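Accompanying notes for the structure given below.
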Amino acid sequence: MDYAQRLDHLLRSAAERSPDKIAIESDQVSLTFGALDAAADRVAAELAGQGVRLGDRVGIHLEKSVEAVISLYGAMRAGAAYVPLDATAPPARTAYIATDCDIAALVSTPSLIAALRDVDPAAAPRGIAVGSPCPDGFTDWDEAHSQERAAPTRQTVDADLAYILYTSGSTGQPKGVAISHRSSLTFVRWAHQALDLTESDVFSSHAPLHFDLSTLDFFGSAAAGGTVALVPADAMMFPARLVEWIVEKGITVWYSVPSALTMIVRYADLEPGSLNRLRLVLFAGEVFPIRYLRELMPLAAQARFFNLYGPTETNVCTYYEVREIPSADDPPLPIGRPCENTRCEVIDESGRPLTDVGAEGELVATGTIVAQGYWGDPERTAERFQGDDSFRTGDIVQVLEDSPVPQYRFVGRRDHLVKSRGYRIELGEIEAALYSHPAVEECVAVAVPDEVIGNRLAAFCAAQQGTDSEDLGRACRERVPGYMVPEQIVVVDALPRTPNDKYDRPQLTERAARIIKERRED
């Protein structure tokens, strides 16, 4: 681990130590560290031959697969940053991301490439195509891998960009969080040591590539020399099948949003000890309902349970180990203490530090774990990033313990950014998608708290006569991913307002909660 100065060094080091150890496996294929390392070299050589230079961006527009993982390592080894693009997102949104960060090359499938080029040819300039027929300007994947090729020599340093993760943006367009090798390695080093990751571990890979949880799966397993197994699509959909897969693969390290674990508890019909092969159960991205955590812990009685917290801009910056099964009436789990090599403090609206037990304020994280900023947006970067290594999270937390190493509990968001199924969602982006429909005159998106998935989404639209919710839903799905489409879109004559002439969001949230409850009971 000390050898690594870049994320792709983790793979190289593991390949040198244990070339014949299985590094990654899916239902279709498995690769050793030696084979994965050589495949990454071939991708890097092909990208360099197409003109990818140090500091460029390479889009990875594939379903999560062995090819996708090879490609992200290959992009970094070529001196570029990889940009994971959601293969299920609307082409218009993906094209925006690809052009926003000016990708130099793309690794994708012919059908996805064609869909992007229909929106904007600049979104798919050249690259590697996985499948046939191979589009113009692209090299076929098999051809790129037809012979051994050495990776290009690049004078990269740990401060260089490793990847850009795009998250929901308040302006109606996604924003790119620019993360360096150094920032990501700070997290990987912490996880490797604090969680005692080993070469005997088998890591599940549940999160999509564009979600920051995936970085532990791939880079944490490489750092430890363990194996990462990609969760198959059918197991993602059916909890009982997912449990079968966990047992079959001998998974020891699980990391996901709490809602995935909640679904196992609710629908897999398990006996105590059913998941005793699990050594670590890690969860992040949303609040874990205590009632389901109480049911889960006896199922994996041998495991250590950790609540990990942090926005994409810091990956994980605090952690809390759940050492005992909580009581039914316990409050939500703390987000715990800062990770080693990370400092956190709570500030009030004027920026004054708050240290008294019970005080509530905005959490600020400081350290090399902090991202570089928002890609191509210096104004927004200046608002949230302070200096070179501090980030204002926008999350309100409560101080639980005033000591040299403080403890915190999450209270809520400062703005309208919410979590649903672990995804970070800006309600403004949903509203922007709905406003794209010509009949919509006003709209407000709201989030209704839900103990299983974090929040359920709803939207209210004042629209021209004759407009129905199905039309608005279709318009929304054309512009945002499925997890951002409200489950209820209500057409109204007018939106309620407060005495200050602002939209009355609390009233709309209460109304949405009633509608969702009534329709679920039906």
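Here are some notes:
- Annotation for segment 90-98: at least one member residue is among the polar types (S, T, N, Q) and touching a helix residue (DSSP H, G or I) at 6+ places or on another chain (Cβ under 8 Å).
- Residue check for THR139: β-branched (Val, Ile, Thr), in a loop (DSSP other than H, G, I, E, B) and assigned by TED's automatic domain parsing to the domain that holds ALA14: no
- Of all residues in segment 348-366, at least one satisfies being of a type outside the set (Val, Ile, Thr) and within 21 Å of the chain's Cα centre (by Cα).
- Condition check for ILE128: of a type outside the set (Phe, Trp, Tyr), at pLDDT 95 or above and closer than 21 Å to ASP41 by Cα: yes
- Unmet criterion (only one of (1) over 18 Å from ALA80 (Cβ atoms); (2) at pLDDT below 95) for LEU112: (2)
- Positions within segment 212-240 being surrounded by fewer than 21 Cβ atoms within 10 Å (Cβ to Cβ) and assigned to a loop (DSSP other than H, G, I, E, B), in sequence order: PRO232, PHE238
- Residues being farther than 26 Å from PHE283 by Cα and surrounded by fewer than 22 Cβ atoms within 10 Å (Cβ to Cβ) - total across segment 441-455: 2
- From the list PRO338, PRO298, the one residue that fits, being in contact with a Cys (Cβ under 6 Å, 6 or more places away or on another chain) and at pLDDT 95 or above, is PRO338.
- Test: residue in segment 124-132 that is assigned to a helix (DSSP H, G or I) and without any contact (Cβ under 8 Å) to a residue 40 or more places away in the chain: no
- Wholly within segment 288-373, strands (runs of 3 or more DSSP E) carrying at least 2 residues that are of a type in the set (Gly, Ala, Ser), surrounded by 13 or more Cβ atoms within 10 Å (Cβ to Cβ) and touching a residue at least 24 places away in the same chain (Cβ under 8 Å): 360-366
- Taking segment 195-210 as the range and being over 16 Å from THR342 (Cβ atoms) and either touching a strand residue (DSSP E or B) at 6+ places or on another chain (Cβ under 7 Å) or crowded, with 23+ Cβ neighbours inside 10 Å (or both) as the test, the residues that pass are LEU197, ASP201, VAL202, PHE203, SER204, SER205, HIS206, ALA207, LEU209, HIS210.
- Residues being within 19 Å of ASP212 (Cα to Cα) and in contact with a Cys (Cβ under 9 Å, 6 or more places away or on another chain) are entirely absent from segment 382-389.
- Within segment 156-168, residues that are closer than 17 Å to PRO481 by Cβ and modelled with pLDDT of 95 or more sit with their Cβ atoms under 8 Å from residues that are surrounded by fewer than 24 Cβ atoms within 10 Å (Cβ to Cβ) and of a type in the set (S, T, N, Q), at 6+ positions apart or across chains, in these pairs: LEU165/THR312.
- Residue selected from segment 161-194 under the condition buried (at least 20 other Cβ atoms within 10 Å of the Cβ) and in a loop (DSSP other than H, G, I, E, B), by the criterion nearest to the chain's Cα centre (by Cα): SER168
- Hits in segment 321-336 (condition: under 24 Å from PHE203 (Cβ atoms) and out of contact with any Lys or Arg (no Cβ under 7 Å at 6 or more places or on another chain)): VAL322, ARG323, LEU333, GLY336
- Segment 262-287 - residue that is closer than 17 Å to ALA328 by Cα and out of contact with any Phe, Trp or Tyr (no Cβ under 6 Å at 6 or more places or on another chain) and, of those, surrounded by the most Cβ atoms within 10 Å (Cβ to Cβ): VAL287
- Just one of the listed residues (GLY376, GLY387) is of a type in the set (Gly, Ala, Ser), surrounded by fewer than 18 Cβ atoms within 10 Å (Cβ to Cβ) and modelled with pLDDT of 90 or more, namely GLY376.
- SER65 meets all of the listed conditions (1) closer than 23 Å to LEU213 by Cα; (2) small (Gly, Ala, Ser); (3) buried (at least 24 other Cβ atoms within 10 Å of the Cβ); (4) touching a residue at least 40 places away in the same chain (Cβ under 8 Å) but one, namely (3).
Let's see how each residue does on (1) farther than 21 Å from THR198 by Cα; (2) modelled with pLDDT of 95 or more; (3) touching a Cys at 6+ places or on another chain (Cβ under 8 Å); (4) of a type in the set (Gly, Ala, Ser):
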| site | (1), (2), (3), (4) |
| --- | --- |
| ASP8 | no, yes, no, no |
| GLU25 | no, yes, no, no |
| LEU36 | no, yes, no, no |
| GLY51 | yes, yes, no, yes |
| VAL58 | yes, yes, no, no |
| SER65 | yes, yes, no, yes |
| ARG77 | yes, yes, no, no |
| ALA80 | yes, yes, no, yes |
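- The listed residues are GLY137, GLY127, GLY169, and the only one of them that is within 19 Å of ASP377 (Cα to Cα) and of a type in the set (Gly, Ala, Ser) turns out to be GLY169.
- With respect to (1) under 25 Å from ARG519 (Cβ atoms); (2) modelled with pLDDT of 90 or more, the lone exception for PRO438 is condition (1).
- Among the residues of segment 379-406, just one is touching a helix residue (DSSP H, G or I) at 6+ places or on another chain (Cβ under 9 Å) and either in a helix (DSSP H, G or I) or more than 14 Å from GLU345 (Cβ to Cβ) (or both), namely GLY394.
Results for (1) within 26 Å of THR262 (Cβ to Cβ); (2) surrounded by fewer than 22 Cβ atoms within 10 Å (Cβ to Cβ); (3) in contact (Cβ under 8 Å) with a residue 60 or more places away in the chain; (4) touching a Pro at 6+ places or on another chain (Cβ under 8 Å), shown as yes or no for each residue.
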| site | (1), (2), (3), (4) |
| --- | --- |
| SER403 | no, yes, no, no |
| GLN407 | yes, yes, yes, yes |
| ARG413 | yes, yes, no, no |
| LYS419 | yes, yes, yes, no |
| GLU478 | no, yes, yes, yes |
| PRO486 | yes, no, no, no |
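- Hits in segment 393-406 - residues which are modelled with pLDDT of 95 or more and out of contact with any Phe, Trp or Tyr (no Cβ under 8 Å at 6 or more places or on another chain): THR393
The values are calculated or read from the model by the stated rules, or taken from the named source; none is laboratory data. Computed from a predicted structure; not experimentally measured. Here Cβ is always computed from backbone atoms with ideal geometry, including for glycine, and neighbour counts include all displayed protein chains.
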